[in-house]
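Here is the structure we will look at.
The values are calculated or read from the model by the stated rules, or taken from the named source; none is laboratory data. Owing to the predicted nature of the structure, the values given are computational and were not obtained by experimental measurement. Cβ sites come from the backbone with ideal geometry, for glycine too, and all protein chains shown count toward neighbours.
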There are 2 protein chains.
Amino acid sequence: METSNPIEKALQASLSSTSSPECPPKLASALLYAVFPGGARIRPKLLMAVAQACGSKACEAALAASCAIELLHCASLVHDDLPCFDGAAYRRGKPSVHVAYGERLAVLVGDALIVEAFAATAAFPQLTRIIVQAASVPHGICAGQAWECEDAMNLVNYQRAKTGALFAACTMAGAAAAGCDPKPWHHLGMLIGEAFQVADDLRDVAGVSGEIGKPTGQDAAHGLPNMVSTLGYDGALTYLENLLGRVVESIPDCPGREGLGQQIVTVARAMVPKQLYRGAA
Amino acid sequence: METSNPIEKALQASLSSTSSPECPPKLASALLYAVFPGGARIRPKLLMAVAQACGSKACEAALAASCAIELLHCASLVHDDLPCFDGAAYRRGKPSVHVAYGERLAVLVGDALIVEAFAATAAFPQLTRIIVQAASVPHGICAGQAWECEDAMNLVNYQRAKTGALFAACTMAGAAAAGCDPKPWHHLGMLIGEAFQVADDLRDVAGVSGEIGKPTGQDAAHGLPNMVSTLGYDGALTYLENLLGRVVESIPDCPGREGLGQQIVTVARAMVPKQLYRGAA
């Protein structure tokens with residue numbers, strides 16, 4: 001899961017039509033702004049790692065799915081940051097898209113990124129179907145975000161849809177791209193999603209805004225659930241470590257099973273603000 | 001292009017996951033509200049008519065593409081009606097989605113409909129690619145809408161992208177679904193799009209709000225170009241008739257060429273408020 005140029009190249013290729021002289025220049029600029037430079041690219045790296053662990057040699061399908069999932073993730077960030085949702089002023093260490101380009105272009109950037117996501121996997125119907133499930137209703141990120149609009153939130157469904165679904169799409173699409181049955185990889189993805197959600201909760205409460213590239217304390221500000229407020233720092237850290245243990249156990253049999261587990265644990269722990277591990281040690 | 005139950009059935013099937021008990025209920029309701037009852041369903045009817053004119057027997061691919069294009073069209077209406085764009089209070093004779101369900105759900109409805117559009121054509125990579133071009137940058141509806149955000153609007157690119165692209169996708173996908181080369185059908189779709197834009201301009205200026213199901217005078221209110229303000233009623237009507245003549249001439253050779261031309265002309269003329277034809281006669 002180390003930095004992988006092929007992912008960036010695939011993302012650049014996906015947005016190459018922004019360089020057309022016939023593209024509205026502000027939209028072109030805003031699309032590139034929303035995707036580059038990226039965050040940690042955790043999802044596409046996970047997908048590629050699963051494909052490799054499953055023995056994938058030809059990586060065209062895995063790269064296409066990686067690209068699609070990262071574009072969907074970027075789209076969801078741009079729309080979640082809109083004033084009608086979180087109204088977040090910055091993201092990835094710079095003004096969020098609606099602040100930099102206005103609300104209208106932020107809406108269109110999200111829309112266009114969703115379209116480009118499915119352009120990326122057009123040649124791979126099985127991967128498209130996996131990714132559709134992760135984005136749509138009833139269990140995908142659109143549904144996840146929509147739970148925030150309900151009078152009574154179903155917390156389990158909310159977190160599984162808002163965070164878990166896209167991670168499950170990564171593990172399933174990675175396996176499918178390598179020619180393996182994706183179904184056994186669903187549970188692993190949901191567990192990874194839960195682990196990353198807890199790690200993100202820890203960052204939200206304990207993180208240093210400049211380090212994580214977005215405002216801290218957002219869950220409390222928006223009345224959203226956060227594992228730290230439920231379990232405390234130590235409880236949340238213990239819960240995370242327990243989850244990571246289950247993640248490692250849940251990896252389906254494949255040639256690169258052991259290395260994959262180590263990679264996932266390393267990346268998840270790296271998300272947690274360092275002082276918390278020092279405090280727990 | 002008469003009312004076709006298979007199109008409604010395909011659209012209902014596309015949104016069947018809204019009936020899952022695990023779907024956020026407001027989002028489920030808002031998705032159905034945005035798609036049913038529909039407008040004239042002009043785009044899917046055009047697509048099916050082209051597929052039939054090209055001799056299509058098995059209509060699964062044509063229905064899938066019809067469904068995808070209508071869902072994208074609905075998504076674009078929901079997002080265009082948002083307060084940051086047109087702020088339209090009603091659509092298709094009822095409160096627009098953001099008025100009925102709030103802005104957040106309106107954003108998510110558009111997002112989910114885009115995803116469902118590509119779910120519909122997942123099995124047909126060629127159709128997906130045609131529809132991607134009609135939705136994305138540089139020439140699709142996202143780009144078309146984005147021209148409204150530019151300081152200087154390229155009017156030709158704006159109208160081709162905002163209206164023409166989706167009509168071109170209809171004619172191209174209809175031909176492709178019937179096993180024909182889609183390229184010769186692009187020009188026809190763009191011409192039909194232009195004709196429908198002029199007919200819509202006439203409705204916007206001369207229409208009766210209750211009859212057309214949305215507010216009139218919106219182009220003037222938002223400073224958008226309108227052919228009636230450029231050419232006057234008679235000039236715009238003459239321009240429309242001239243375009244329809246070119247539409248009929250431009251239909252590529254196919255078994256049902258003559259009937260297709262008649263259908264398109266009939267539907268376009270039916271959009272124009274009747275008193276204008278009486279005045280011109």
* Checking A:SER66 against (1) of a type in the set (S, T, N, Q); (2) surrounded by fewer than 22 Cβ atoms within 10 Å (Cβ to Cβ); (3) under 30 Å from A:THR266 (Cα atoms), which test does it fail? -> (2)
* To do: Being surrounded by fewer than 16 Cβ atoms within 10 Å (Cβ to Cβ) and of a type in the set (D, E, K, R) is the filter; apply it to segment A:1-45 and report the residue that is farthest from A:ALA195 (Cα to Cα).
  => A:GLU22
* Residue check, B:ALA220 assigned to a helix (DSSP H, G or I), surrounded by fewer than 16 Cβ atoms within 10 Å (Cβ to Cβ) and not polar (S, T, N, Q) -> yes
* Taking segment B:30-52 as the region of interest, how many residues are touching a Leu at 6+ places or on another chain (Cβ under 9 Å) and within 14 Å of chain A (Cβ to nearest Cβ)? -> 5
* Asked: Would it be correct to say that B:MET153 is in contact with a Gly (Cβ under 6 Å, 6 or more places away or on another chain) and surrounded by fewer than 24 Cβ atoms within 10 Å (Cβ to Cβ)?
  -> no
* Asked: If you take just the helices (runs of 4 or more DSSP H) that sit entirely in segment A:1-76, which of them hold at least 1 residues that are of a type in the set (S, T, N, Q) and free of Cβ contacts under 8 Å to residues at least 40 places away in the same chain?
  -> A:5-14
* Structure fact -> Requiring at least 1 residues that are without any contact (Cβ under 8 Å) to a residue 12 or more places away in the chain, the helices (runs of 4 or more DSSP H) wholly within segment B:156-217 are B:209-212
* Go through the residues of segment B:79-95 one by one and say whether even a single one is away from chain A (no Cβ under 14 Å), out of contact with any Phe, Trp or Tyr (no Cβ under 6 Å at 6 or more places or on another chain) and either on the phi > 0 side of the Ramachandran plot or in a helix (DSSP H, G or I) (or both). => yes
* On the given criteria, is B:ALA13 over 30 Å from A:VAL156 (Cβ atoms) and away from chain A (no Cβ under 13 Å)? -> no
* Asked: Do we have any residue at all in segment A:117-136 that's aromatic (Phe, Trp, Tyr), within 22 Å of A:ALA65 (Cβ to Cβ) and at the interface with chain B (Cβ under 9 Å from one of its Cβ atoms)?
  -> yes
* To do: Could you check A:PHE167 against (1) aromatic (Phe, Trp, Tyr); (2) farther than 21 Å from A:ILE7 by Cβ; (3) buried (at least 22 other Cβ atoms within 10 Å of the Cβ) and say which number it fails?
  => (2)
* Could you grab me the full set of residues in segment B:242-256 that are free of Cβ contacts under 8 Å to residues at least 60 places away in the same chain and either crowded, with 18+ Cβ neighbours inside 10 Å or outside any helix (DSSP H, G or I) (or both)? => B:LEU243, B:LEU244, B:VAL247, B:ASP253
* To do: Filter segment A:141-155 down to the residues that are at the interface with chain B (Cβ under 7 Å from one of its Cβ atoms) and not in a helix (DSSP H, G or I), then identify the one that is nearest to B:SER136 (Cα to Cα).
  => A:CYS149
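Which ones in segment A:16-36 are of a type in the set (A, V, I, L, M, F, W, C) and either touching a Cys at 6+ places or on another chain (Cβ under 6 Å) or under 18 Å from B:GLN159 (Cβ atoms) (or both)?
Within segment A:16-36, A:CYS23, A:LEU27, A:ALA34, A:VAL35 qualify.
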* among the charged types (D, E, K, R) and at pLDDT 95 or above: does that describe B:ASP86? -> no
* Among the residues of segment B:97-118, count how many are more than 18 Å from A:LEU82 (Cα to Cα) and surrounded by fewer than 24 Cβ atoms within 10 Å (Cβ to Cβ). => 1
* Asked: From the residues in segment B:194-217 that are among the small types (Gly, Ala, Ser) and either out of contact with any Leu (no Cβ under 7 Å at 6 or more places or on another chain) or closer than 20 Å to B:GLY245 by Cβ (or both), which one is surrounded by the fewest Cβ atoms within 10 Å (Cβ to Cβ)?
  -> B:GLY210
